[in-house]
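Input: a single structure, listed below in structure tokens.
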Amino acid sequence: MKILTADYLLCCDDDFTIMKDAAICFDEKIIEVGKKDEVIKNNPYAIVKNLSPNSIIMPGLVNTHVHLEYSANQTTLVYGDFIKWLQSVIKNREFLQRSCDKKCYNDAVEQMLQSGVTTFGAISSFGGDLEICYETPLKVVYFNEILGSNPDFADDIYKDFEKRLQQSFDMANDTLKPAVSIHSPYSTHPMIAKYAIDLAKENDLNIATHFMESKAEREWLDKGSGDFYNFMKNFNHNPKPMTNAMSFLKMFEGLNTVFVHGNMCNEEELEFISKNGSLSSCVVSNRLLNNPVLDIKKAENKDVKITIGTDGLSSNNSLNIWNEMRAFLFSHNEANVIELSKNLIKYATINGAKALGIFDGGELKKEKNADIVSIVLPNSITDIEQLPLELILHTKEIKSGYINGERYV
Ligand SMILES: [Zn+2]
């Protein structure tokens with residue numbers, strides 16, 4: 001049993017409680033959170049570690065969306081336009097996958113780990129990232145992705161998907177949970193999507209999907225026109241969308257789906273998402289591909305649970321979640337900076353944990369898993385209200401980290 005004490009403790013509960021001169025007592029689970037003197041008095045046999053001045057204790061962070069298999073990308077993929085980027089991914093995906101050796105995977109995960117991420121949602125297209133997801137001390141929801149627009153190839157697609165899913169079942173343990181991802185409504189035939197969703201339901205697996213990321217996707221699903229029409233013409237003389245937005249969404253009814261992006265969602269779609277899952281917002285990716293960023297006011301008016309995803313290094317220059325939060329903060333100048341900072345920390349902790357749903361963390365509260373990180377600010381703060389903003393402005397790496405009570409940083 002251990003006790004950590006610090007100047008401040010962020011519970012990341014619904015009320016966003018910040019405690020001063022606080023402590024946390026834990027083993028695998030959190031035993032008590034409260035005032036330093038009381039926690040020490042109530043747990044006399046615990047080993048006490050007083051963290052350095054200006055330290056902050058908070059829950060481990062959650063990155064709800066990352067593609068590790070593209071971690072070799074630095075200057076290969078083309079930014080500035082969603083379709084051009086997609087074409088460059090298709091052209092270079094095998095090269096990028098081949099180029100990501102063990103060190104490349106390690107470096108990618110290390111960026112998340114050092115930034116304080118204790119849980120992430122990995123979207124796996126080929127299974128190349130399974131080993132690193134198994135080896136890392138971090139908790140991983142491992143989303144095996146399926147896509148394919150031609151039902152004639154369905155048998156081969158199912159075979160490949162089932163093989164990858166089985167491999168992830170074989171490696172599953174307390175920190176690695178197999179899950180299912182449907183790539184998107186423009187790339188996955190509804191029959192193939194339904195097959196994978198049914199599999200997820202039968203096996204009680206988490207599920208994720210990209211949805212309404214670009215203007216091109218909106219136009220294509222609504223009208224069968226726009227940039228996607230020209231793109232699809234390369235494969236088909238008379239291309240038509242395989243589904244529309246609402247029919248696609250309805251396949252996920254009653255599940256706790258991580259919908260990724262959602263920048264182009266209308267109100268009806270946001271309402272559906274709010275009742276059937278959460279939204280992973282990836283602002284750096286959106287910016288690089290010239291997509292709009294999420295309208296947070298519109299999403300919050302519908303009570304959508306927003307979470308933070310870095311996306312992969314295929315559309316980001318960093319997997320550090322604080323870099324992502326800083327980008328989010330500066331991309332949303334319509335929102336009050338103090339209020340948004342507070343919300344951002346909730347998006348990256350409690351909301352992310354609820355979205356991924358399996359690991360009971362994201363909050364410092366009795367009986368939650370002891371996924372805890374500590375951060376040291378450069379100086380003391382003068383106003384507690386500023387703390388979330390100061391954290392986002394100054395944090396690059398954590399000072400220490402615990403997963404299920406075990407120290408890993
Ligand atoms: Zn993605």
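The values are calculated or read from the model by the stated rules, or taken from the named source; none is laboratory data. This structure is a prediction, so every number in the text was calculated from the model and none was measured. Glycine gets a Cβ as well: all are built from the backbone with ideal geometry, and neighbour counts include every protein chain shown.
Computed quantities for the displayed model
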| read-out | value |
| --- | --- |
| Output for segment 97-155, where each listed residue is of a type in the set (S, T, Y) and within 16 Å of the ligand (Cβ to nearest atom) | S124, S125, Y142 |
| Failed condition for L77, given (1) of a type in the set (A, V, I, L, M, F, W, C); (2) part of a strand (DSSP E or B); (3) closer than 30 Å to L279 by Cβ | (2) |
| From the options N291, N238, residue that is of a type outside the set (F, W, Y) and within 22 Å of the chain's Cα centre (by Cα) | N291 |
| So K20, is it exposed (fewer than 15 other Cβ atoms within 10 Å of the Cβ), part of a strand (DSSP E or B) and more than 16 Å from the ligand (Cβ to nearest atom) | yes |
| Condition broken by E94, with the remaining ones in (1) within 16 Å of the ligand (Cβ to nearest atom); (2) free of Cβ contacts under 8 Å to residues at least 40 places away in the same chain; (3) not polar (S, T, N, Q) satisfied | (1) |
| Candidate set from segment 364-387 (those that are of a type in the set (S, T, N, Q) and free of Cβ contacts under 8 Å to residues at least 60 places away in the same chain); member that is surrounded by the fewest Cβ atoms within 10 Å (Cβ to Cβ) | T382 |
| Criterion violated by K297 - all others in (1) among the charged types (D, E, K, R); (2) within 30 Å of D107 (Cβ to Cβ); (3) away from the ligand (no atom under 16 Å from the Cβ) satisfied | (2) |
| Matching residues, segment 243-291, being more than 18 Å from H65 (Cβ to Cβ) and either within 14 Å of the ligand (Cβ to nearest atom) or surrounded by fewer than 17 Cβ atoms within 10 Å (Cβ to Cβ) (or both) | N244, M246, S247, K250, E253, G254, N266, E267, E268, E271, K275, N290 |
| Strands (runs of 3 or more DSSP E) contained in segment 186-295 and holding at least 2 residues of a type in the set (G, A, S) | 277-281 |
| Any pair with Cβ under 9 angstrom, 6 or more apart, that starts in segment 279-298 at a residue that is in the same structural domain as I83 (by TED's automatic domain parsing) and without any contact (Cβ under 8 Å) to a residue 60 or more places away in the chain and ends at one that is assigned to a helix (DSSP H, G or I) and within 11 Å of the ligand (Cβ to nearest atom) | V293/N286; L294/N286 |
| Every residue from segment 186-216 that is over 18 Å from E253 (Cβ atoms), of a type outside the set (S, T, Y) and in contact (Cβ under 8 Å) with a residue 60 or more places away in the chain | E213, K215, A216 |
| Residue within segment 313-329 that is over 20 Å from the mean Cα position of the chain (by Cα) and touching a residue at least 24 places away in the same chain (Cβ under 8 Å) present | no |
| Complete set of residues in segment 45-79 that are within 13 Å of S314 (Cα to Cα) and away from the ligand (no atom under 15 Å from the Cβ) | A72, Q74, T75, T76, V78 |
| Residue match in segment 232-248 (condition: in contact (Cβ under 8 Å) with a residue 40 or more places away in the chain and of a type in the set (K, R)) | no |
| Index of the failed condition, S314 passing every other in (1) within 16 Å of the ligand (Cβ to nearest atom); (2) not in a loop (DSSP other than H, G, I, E, B) | (2) |
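Here's the yes/no breakdown for (1) over 18 Å from N369 (Cβ atoms); (2) part of a helix (DSSP H, G or I); (3) out of contact with any His (no Cβ under 9 Å at 6 or more places or on another chain):
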position	(1), (2), (3)
Y8	yes, no, yes
C12	no, no, yes
F16	yes, no, yes
I40	yes, yes, yes
Y45	yes, no, yes
